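A short worksheet on the structure shown next.
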């Protein structure tokens, strides 16, 4: 789930972050202070952003391995430094099993969170079969027993906030088609609301439908295989044998 990713990049050191003067390409001053400024600049550039082409989200800076000579560019007050460093990244792999919580639900599926990353969806076709959406309660539920012969069906519900175990089905760099569709619909609703209220399109709530560019990665998750889904479904009474079937609510 978490890995070290080596990166080489040209890092900008802005004047307000410069701890020393730069003369002939060499920073003058305390090495630890220079290293702190470089690390802070890397953190500012990469923290909680998706690394393009790597299907990975940066969650922190590891080791700064090498700092090159500082360069000045005409017309820029900043110094530019070639740096080799390691990033601590969240890089989910296909079929990897992870634990999270249910954040919300709608007719498209169940949305999960890892607290530091929220772009996780279990689409309807990757929920346990058979599952159905209860529009009145805004919840999905697994049909544990369809009933029959006068007996009522029994269900196991997906509950917001519950701990879940899920498998990574796919990792999509960029917003998923579903997210783009939902964002466009929300943006249109915001514009209509702003027009009817006389507020501008960029009002306080105007950006809610816009996908954050710093989280351009979506994890498509699955509850299909045995042992996946809400953890509470598989909790056993003391002394009971393990069972891969969800318990009915």
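Every read-out reported here was derived from the displayed coordinates using simple, explicitly stated rules and does not represent laboratory data. In this text, all values refer to a predicted model and were calculated from it rather than measured experimentally. For neighbour counting, all protein chains shown are included, and Cβ atoms are generated from backbone atoms with ideal geometry for every residue, glycine included.
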Checklist entry - Hey, fewest Cβ within 10 Å first, where do 44, 154, 78, 131 land in order? => result 44, 154, 78, 131
Item to check | FRET efficiency, residue 231 to residue 94 (Cβ-Cβ, R0 22 Å, nearest 0.05) | outcome: 0.50
Item to check | Pairwise FRET efficiency - residue 159 versus residue 33, Cβ, R0 = 41 Å, nearest 0.05 | outcome: 0.20
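Pull out the extension gain between residue 115 and residue 63, defined as 0.36 nm times the separation in residues minus the alpha carbon to alpha carbon distance; nm, one decimal.
Here the segment from residue 115 to residue 63 would lengthen by 16.3 nm.
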Checklist outcome for this item: Expected sort for 99, 49 with the fewest Cβ neighbours (10 Å cutoff) up front is 99, 49
Checklist entry - Stretch residue 171-residue 72 to full length: gain in nm at 0.36 nm per residue minus the Cα-Cα span? => result 31.7 nm
Checklist entry - If each residue's Cβ is checked for other Cβ atoms within 10 Å, how do 233, 80 rank with the fewest at the top? => result 80, 233
Item to check | Net lengthening on full extension, residue 80/residue 146 (0.36 nm per residue, minus Cα-Cα) | outcome: 17.2 nm
